[in-house]
Amino acid sequence: MIPAGFLQELLSRVDIVDVVGRHVELKRGGANFMGLCPFHGEKSPSFSVSPSKQFYYCFGCGASGDAIRFLTEHLGLSFVEAVRDLAQGVGLAVPEEQVSPEERQKRDTLRERRLSLGEVLQRAADFYRGQLKAHPRAIDYLKKRGLTGVIAARFGLGYAPPGWRTLAGVFANYDDPLLEEAGLVRLREGDDSGGTQAAGGASEGSRYDWFRERVMFPIRGVDGKVIGFGGRVLDDSKPKYMNSPETPVFSKGRELYGLFEARQALRDKGYALVVEGYMDVVALAQSGFANAVATLGTACTADHMQKLFRFTDSVVFSFDGDKAGRRAAARALEAALPHATDLRSVKFLFLPPEHDPDSYVRELGASAFEQQVQQAVPLSRQLIELASEDVDLSSAEGRARMLAQAKPLWMALPDGALKRQLLPELARQAQLELADLSSLWGGAAVTAPAAQRPRSGPPLLQAPLRRAGRRAPAGPADLALRLLLRHSDWWERLSPADHELLHGFGGAHGEAVAWLERQLTENGPQTWAALDTALAPEAWADVARAWVASAAADEEQGFEDLQRVMQRLWIEQLGQQAQALVAAGATTAEDLQGLRALHEQIARLKAALAASGG
């Protein structure tokens with residue numbers, strides 16, 4: 001864990017105007033700087049950066065935070081990655097947890113190697129981009145696919161020319177092991193060509209370029225750095241696509257092509273469109289769907305889903321309507337199920353077999369494709385359709401098989417309203433009573449309609465009582481946790497004394513506070529949807545969800561609301577201290593002076609609370 005003291009020192013040294021100014025054009029507007037918000041589309045600047053408060057705020061969409069939050073939200077960096085990036089800029093070393101000297105040396109070596117690999121890959125990307133201009137055949141291919149020079153430049157497209165050793169003209173030491181480690185050069189196994197000995201001990205001709213005569217698609221990490229490549233042939237030869245091999249900086253199962261370029265569009269469109277090929281991503285971006293990303297020749301994985309949900313709460317998968325597309329959809333469904341909380345949306349779009357997204361948009365237009373997206377199949381229906389595949393639902397045997405196929409899919413869903421609604425739907429499909437299916441599946445959670453369900457269980461797990469259309473008031477501890485879980489970035493805006501007060505809570509409140517601080521330290525601020533998924537294994541998870549769910553649907557919240565809750569908590573805490581002094585028989589001058597100080601603090605807090613409307 002990174003110590004809180006270090007984070008405070010880091011933020012005191014960083015100038016948020018410089019940090020934001022690298023990504024947003026800012027102009028002085030009075031005491032603050034203004035610019036177009038990077039988190040939503042706008043034509044008039046409503047994004048304010050305060051140099052005095054070291055804080056940003058958008059009056060249009062409400063985005064706010066400090067320099068660390070800006071990097072995590074805008075670049076998609078993890079909390080630790082953002083801290084390291086800022087620390088490097090101001091010459092601070094991020095404190096490491098207690099590890100052995102051997103482990104620290106291993107980490108330093110890996111970090112240095114990654115930096116070296118990044119430099120090699122960027123140099124190769126620059127070479128490929130330059131080669132595109134020198135090869136009319138590659139340019140003609142892109143033009144035939146409808147791509148403009150502007151979109152090619154935006155994605156950094158390039159061309160790997162023919163020849164086995166063209167990179168030898170780019171890197172002075174073609175035998176450098178880094179080229180092989182970066183996936184740019186391959187060593188021919190069992191080479192016995194008898195070639196001349198070259199520097200580094202390799203035979204001339206035993207090394208060769210991995211990418212040859214292909215349009216090159218640089219694959220960028222969420223920080224914009226090149227981590228690998230995809231290459232496509234100009235004709236119908238096989239393999240059509242080829243990716244970089246697994247390297248210390250690149251793993252196909254974790255990365256998504258186009259995610260770096262799609263960050264702003266994900267916010268503007270409100271969803272991620274996951275397609276199957278690089279060309280689909282680039283062509284869709286040119287047609288107005290800049291929110292498209294692609295897996296890298298692999299099935300969608302849990303890592304892909306986690307990465308996507310860092311940027312959006314809504315994902316639409318687009319697949320061909322053939323059997324291969326249906327198989328890919330099944331794997332995507334399996335990867336998405338554990339992440340499908342009630343606050344997220346996952347849908348599946350199946351195009352006609354003769355089309356991929358690129359050809360569909362070119363032939364029928366962007367509006368027709370947008371309509372297809374709007375009609376995409378929701379995850380719940382896709383689950384039932386997958387379970388019913390190749391099943392005769394008119395027979396008891398077929399319905400039994402459907403349930404057998406549905407059970408592992410249903411069990412993979414996180415507990416919530418979606419999961420509970422699906423159970424009676426599956427029971428209906430199988431022509432079973434809900435109670436029978438629940439019993440069959442080992443007492444699966446069954447939730448009857450509220451009007452029919454008797455009230456039971458602890459009060460926190462029940463719906464709040466209502467009187468005259470108003471909710472029963474929650475206690476300040478409940479309110480504090482509700483606000484912090486829904487707006488986890490507010491934690492850093494509280495004072496150390498407030499943190500200490502919150503850590504003093506007992507029971508579920510105290511456990512939730514400690515857990516939340518660990519989450520923020522390890523992963524940075526997260527949405528409630530992300531936190532809801534992460535807290536699933538905790539014993540107090542249902543209680544925490546009840547805190548959050550008790551908010552009114554139209555409740556508007558600001559940091560000042562949390563400040564008022566903290567004031568009430570301090571009034572309670574100081575009042576308890578005063579009562580303890582009186583109960584202990586405070587008679588000495590020191591005790592009486594302490595008692596007066598406590599009452600004065602309470603009076604000031606009450607006055608401040610009254611002045612703020614609390």
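The values are calculated or read from the model by the stated rules, or taken from the named source; none is laboratory data. All of these numbers come straight from a predicted model, not from anything done at the bench. Neighbour counts run over all protein chains shown; Cβ positions are idealised from the backbone, glycine included. Accessible surface is based on the protein model in full, side chains and every heavy atom, while ligands, DNA and RNA are left aside. Shrake-Rupley method; radii C 1.70, N 1.55, O 1.52, S 1.80 Å.
Of all accessible surface on segment 386-440 at a 1.4 Å probe, what whole percent is carbon and sulfur?
It is 51 percent, rounded to a whole number.
Taking label points 7 Å from Cα along the Cα-to-Cβ direction, HIS23 and LYS240 give a separation of 3.5 nm. Note on VAL90: accessible area approximately 50 square angstrom, rounded to 10, probe 1.4 Å, nucleic acids and ligands left out.
As an exercise, take the mean of 1/r over every pair of distinct alpha carbons in the chain, invert it, and state the Kirkwood radius in angstroms.
28.3
Using a Förster distance of 56 Å, how high is the FRET efficiency between MET411 and LEU187, based on the Cβ-Cβ distance and rounded to 0.05?
My answer for the efficiency is 0.75.
Within segment 206-247, whose backbone N sits under 19 Å from a point 7 Å along Cα→Cβ of ASP140? Label zone hits: 213-216, 232-237. Of the residues PRO45, LEU77, ALA67, the one whose Cα sits farthest towards the positive end of the charge dipole of segment 1-93 is PRO45 (charges of +1 on Lys and Arg Cβ, -1 on Asp and Glu Cβ, taken about the Cα centre).
The Cα center of segment 1-78 and the Cα center of segment 473-499 differ in position by 22 Å. Across all Cα pairs in segment 476-612, the calculated P(r) in 10 Å bins from zero up to the longest distance comes to 11, 37, 30, 16, 6, 0 percent per bin. Stokes-Einstein diffusion of segment 247-348 at 25 °C, 0.890 mPa s viscosity, Kirkwood radius from Cα pairs, rounded to a whole number: 181 µm²/s. Taking each residue as 0.36 nm, the span from GLU600 to LEU440 lengthens on full extension beyond its C-alpha to C-alpha distance by 51.3 nm. Calculated accessible area for segment 4-90 comes out at 48 Å² per residue, all protein chains present (probe 1.4 Å; ligands, DNA, RNA ignored).
Modelled this way, with points 7 Å down the Cα-to-C-beta line, the labels at VAL582 and GLU500 are 2.5 nm from one another.
Spin-label pair ALA549-ALA514: with each label point 7 Å from Cα along the Cα-Cβ axis, the two points sit 2.6 nm from one another.
With a 1.4 Å probe and every protein chain kept in, tell me what percent of the accessible surface of segment 262-378 is carbon plus sulfur. Walk me through the intermediate numbers first.
On the way: 1990 of 4240 Å².
On segment 262-378, the fraction of accessible area on carbon and sulfur atoms equals 47 percent.
Near ARG188, the amide H atoms lying under 5 Å from its own belong to ARG207, TYR208; only residues 5 or more places off or on other chains count, and H is placed 1.01 Å from N.
Taking a straight line from the alpha carbon of LYS133, these lysines sit under 19 Å away, with near neighbours fewer than eight places off in the same chain left out: LYS143, LYS144. A full extension of the chain between ALA608 and LEU393 corresponds to an added length of 70.8 nm, given 0.36 nm per residue minus the alpha carbon distance. Per residue, segment 476-612 exposes 49 Å² of accessible surface when a 1.4 Å probe is rolled over the protein heavy atoms with every protein chain present.
Working from the alpha-carbon coordinates of segment 386-440, get Rg over Rh, Rh being the Kirkwood radius. Computed over Cα atoms, the ratio is 0.95.
Counted residue by residue at 0.36 nm each, then reduced by the alpha carbon distance between them, the extension gain from VAL233 to ALA299 reaches 21.6 nm. A Förster distance of 41 Å, applied to the separation of the beta-carbon atoms of CYS61 and GLN375, puts the FRET efficiency at 0.90. Taking the 1.4 Å solvent-accessible surface of segment 31-84 as the whole, the part contributed by carbon and sulfur is 56%.
Paramagnetic label reach from ARG327 (point 7 Å along Cα→Cβ; backbone nitrogen cut-off under 18 Å): within segment 228-266, residues 239-241. Rolling a 1.4 Å probe across the protein heavy atoms gives segment 386-440 an accessible surface of 54 Å² per residue.
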